[in-house]
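Each remark here refers to the structure printed beneath this line.
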Amino acid sequence: MEIFAKGSTFRLTDGGKVLLEASDEKPMIFAGHGTEQVAMYRGNFKIEDRVEERVALPILHSEEKDGVLILDFGGQIEGRIETDNACSVIRFRSRNPEINRFWIRVAAEPGEHVYGCGEQLSYFDLRGRHFPLWTGETGVGRDKTTYVTWRSDVENRAGGDYYNTSFPETTFVSSRKYYLHAETTAYADFDFRSPDYHELQIWEVPALIRIESAESFPELLEKETAFLGRQPELPEWVSHGLILGVQGGSERSFGLAEKVRDGGVGLAGVWCQDWCGKRVTTFGKRLQWDWHYHPGMYGDLPERIRELHREGIRFLGYVNPYLVKDGMLFREGMEKGYFARRSDGSVYLVDFGEFDCGVVDLTNPEAFDWFKGIIETYSIGIGIDGWMADFGEYLPTDDIVLASGKPAMIEHNKWPMLWAKCNYEAVKETGNLGKIVYFMRAGATGSQKYNTLMWAGDQSVDFSRHDGLCTVIAAALSCGMTGMGLHHSDIGGYTSLFGNVRTKEVFFRWAEMAAFTPVMRTHEGNRPDDCYQFYDDEDGIRRMARLTGIFRMLAPYVKEAVRENHEKGIPVQRALFLHYEEDERCYSEQFEYLLGRDLLAAPVWKEGRKEWDVYLPEDEWIHLWTGREYGKGNNVVGAELGFPPVFYRKRSKYADLFEKIRRTYGA
């Protein structure tokens with residue numbers, strides 16, 4: 001990268017491409033002051049801002065000292081720039097304590113594409129929209145024109161919008177082959193609507209802006225993840241088959257596991273989220289947030305887990321960083337003083353939907369270690385092999401006092417990283433890294449190296465454009481551009497409200513896609529009695545047995561992709577342009593993906609389809625189910641239920657494996 005600085009003019013370029021520039025006519029940095037209003041209702045945030053001042057900061061002075069370029073922005077902010085061949089870092093220091101709004105403009109070009117910003121569910125290419133970056137509930141419906149979203153807004157303030165995310169990341173990747181990272185945990189809004197610049201708004205002066213480039217996208221992601229961190233490899237047992245999501249106590253859960261296994265479904269694990277007990281609310285079946293096994297529902301769970309292990313099956317549970325006020329562990333936490341408090345000294349209780357919980361103060365090292373010990377004792381200690389590490393997004397911002405002494409507006413976006421680290425340390429310190437898997441929906445900068453597996457959160461049980469099956473494809477691709485290359489979702493979705501129930505078609509379209517991801521896991525949903533469950537009929541069990549068989553056969557191939565994600569940060573589910581950089585069509589595709597290098601999947605995400613339009617980039621492609629050869633271009637292929645459009649590269653070293661799958665499970 002090259003820097004030019006003279007007088008009030010500054011320019012950062014990379015191979016002749018302008019990345020940052022400033023002059024009297026074209027300011028790069030703006031600063032000011034604003035007052036926000038933040039209201040949270042059950043993890044759904046309404047954020048309003050009144051900007052009281054915004055001024056452009058011209059460069060008043062520049063000098064080079066010891067290889068560092070020092071810029072004076074309007075006498076208000078100092079920037080210190082270090083650069084080498086492919087990376088530049090600008091470290092900022094505010095000279096005005098009144099500044100709490102910061103904007104920086106990054107040079108853009110017409111036709112440029114932008115990706116990342118954590119997990120984005122509605123749009124993979126972020127160009128043309130702005131994205132508030134704040135962790136919270138993702139919303140139900142997420143489309144203000146739909147009945148489900150309207151009803152969710154009216155009744156629960158929970159409808160959401162296209163930008164709501166549980167994993168906001170102040171990092172994006174440009175099709176110009178660079179990534180930009182802003183080091184901050186404050187509220188941010190990255191705006192990609194202008195044809196000439198990207199404007200990044202941050203509610204503090206960030207510690208630094210880092211820009212790094214590469215010659216190819218795989219090389220770029222390798223550099224980016226070397227900086228952000230990389231996920232550990234998945235345990236080997238995950239590839240053994242389905243993680244069956246069931247609940248209702250020992251008799252029902254283990255009985256259903258036996259039933260589907262007898263029906264030929266390959267089982268890797270049994271996931272009982274209600275291992276800790278249940279609560280029933282108007283939303284549906286919820287859990288008792290007191291993280292030890294419930295003897296009334298699960299009897300001698302440690303012995304049942306040992307029995308599963310003898311059969312080669314793992315057991316998974318559930319935990320989150322909050323404790324219900326009528327639970328045993330809440331009382332212990334109260335006695336130790338480990339909960340976040342209000343300014344009057346009382347414990348801060350959060351309404352999670354008809355029950356209140358204390359927020360374990362993860363900024364308190366003693367509270368952090370105590371909760372880590374809860375995981376080690378009550379989950380790992382009885383043989384649990386994994387869990388849903390849920391939530392992390394609900395840190396309130398009003399009248400809350402934390403041990404760190406920092407404002408909640410700064411700690412809020414950091415909370416998911418602390419929660420991931422708590423789980424990671426519990427697993428690592430007990431010698432179980434690579435043996436246990438926990439999956440999280442919330443994320444933050446720094447979560448990457450602490451999160452064994454992402455999960456897409458709570459989608460609606462349907463084909464809807466902004467909250468259905470297709471959104472988990474965009475979610476996986478966007479996560480993969482910011483260091484979370486191990487991703488999966490609830491097969492069939494989770495949220496069933498206002499008459500929206502899961503059908504057999506929705507379930508199996510989801511399941512057939514999941515067979516071509518790193519992990520297959522079902523969920524009964526929030527209203528399991530209303531929604532289709534595959535074990536309710538023989539045909540459903542037969543179909544699932546076939547899909548898990550395909551998943552298991554793919555294990556050697558997927559394991560290599562999982563290893564590459566850990567070693568190089570190249571995601572398992574990949575955007576097409578990662579390997580087809582010269583194909584402009586690939587940059588706008590968000591509903592197809594490469595699984596590893598050699599498989600292309602185009603999941604069917606609309607109802608009632610027996611054929612599906614597929615775009616194939618330049619290569620020799622073999623249709624997985626028929627063996628027919630295809631080349632570059634748009635193709636219409638058969639897509640009967642159970643046969644999603646999947647193709648493999650003819651030159652793949654795994655071609656024999658793929659051909660074996662075709663002979664075993666093909667049309």
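The values are calculated or read from the model by the stated rules, or taken from the named source; none is laboratory data. Owing to the predicted nature of the structure, the values given are computational and were not obtained by experimental measurement. Backbone-built Cβ (ideal geometry, glycine too); neighbour counts: all protein chains shown. Protein only, heavy atoms only, side chains kept; ligands, DNA and RNA dropped before computing areas. Shrake-Rupley method; radii C 1.70, N 1.55, O 1.52, S 1.80 Å.
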Self-check item: Hits in segment 267-295 (condition: without any contact (Cβ under 8 Å) to a residue 24 or more places away in the chain and not aliphatic (A, V, I, L, M))
Solution: GLY277, HIS294, PRO295
Practice problem: Could you check, for segment 471-489, whether at least one of its residues is more than 24 Å from TYR587 (Cα to Cα), in contact (Cβ under 8 Å) with a residue 40 or more places away in the chain and part of a loop (DSSP other than H, G, I, E, B)? | Solution: no
Quiz item: Under 7 Å by Cβ, and 6 or more places apart or on different chains, what pairs join a residue from segment 87-116 that is touching a residue at least 60 places away in the same chain (Cβ under 8 Å) with one that is among the aromatic types (Phe, Trp, Tyr) and open to solvent by 10 Å² or more (accessible area, probe 1.4 Å)?
Solution: ASN100/TRP203; ARG101/TRP203; TRP103/PHE30; ARG105/TYR197; VAL106/TYR197; ALA107/TYR197; ALA108/TYR197; HIS113/TYR587
Exercise. Report yes if LYS414 is open to solvent by 10 Å² or more (accessible area, probe 1.4 Å), within 14 Å of the chain's Cα centre (by Cα) and at pLDDT 95 or above, otherwise no.
Key: no
Quiz item: With (1) in a loop (DSSP other than H, G, I, E, B); (2) of a type outside the set (S, T, N, Q); (3) open to solvent by 10 Å² or more (accessible area, probe 1.4 Å) as the list, and PRO644 as the residue in question, which single condition is left unmet?
Solution: (3)
Practice problem: State whether one or more residues within segment 425-432 are crowded, with 24+ Cβ neighbours inside 10 Å and basic (Lys, Arg). | Solution: no
Self-check item: Looking only at segment 303-313, and only at residues there that are part of a helix (DSSP H, G or I) and open to solvent by 20 Å² or more (accessible area, probe 1.4 Å), the one that is nearest to GLY241 (Cα to Cα)
Solution: HIS309
Self-check item: Hits in segment 400-453 (condition: touching a residue at least 24 places away in the same chain (Cβ under 8 Å), small (Gly, Ala, Ser) and in a loop (DSSP other than H, G, I, E, B))
Solution: ALA403, SER404, GLY434, ALA442, GLY443, ALA444, GLY446, SER447
Quiz item: Restricted to segment 555-610, and to residues that are among the basic types (Lys, Arg) and open to solvent by 10 Å² or more (accessible area, probe 1.4 Å), which residue is nearest to LYS653 (Cα to Cα)?
Solution: ARG597
Quiz item: Do we have any residue at all in segment 363-379 that's touching a Lys or Arg at 6+ places or on another chain (Cβ under 7 Å) and within 22 Å of GLY317 (Cα to Cα)?
Solution: yes
Quiz item: What are the residues in segment 535-563 that are in a helix (DSSP H, G or I), free of Cβ contacts under 8 Å to residues at least 40 places away in the same chain and farther than 15 Å from GLU236 by Cα, if any?
Solution: ASP536, ASP539, GLY540
Practice problem: State yes or no: is ILE209 in contact with a Leu (Cβ under 8 Å, 6 or more places away or on another chain), hydrophobic (A, V, I, L, M, F, W, C), surrounded by 19 or more Cβ atoms within 10 Å (Cβ to Cβ) and within 30 Å of GLU303 (Cβ to Cβ)? | Solution: no
Quiz item: Taking segment 117-138 as the region of interest, how many residues are closer than 22 Å to GLU183 by Cα and polar (S, T, N, Q)?
Solution: 2
Self-check item: Flag for GLY353 being in contact with a strand residue (DSSP E or B) (Cβ under 9 Å, 6 or more places away or on another chain), without any contact (Cβ under 8 Å) to a residue 12 or more places away in the chain, at positive phi and not in a helix (DSSP H, G or I)
Solution: no
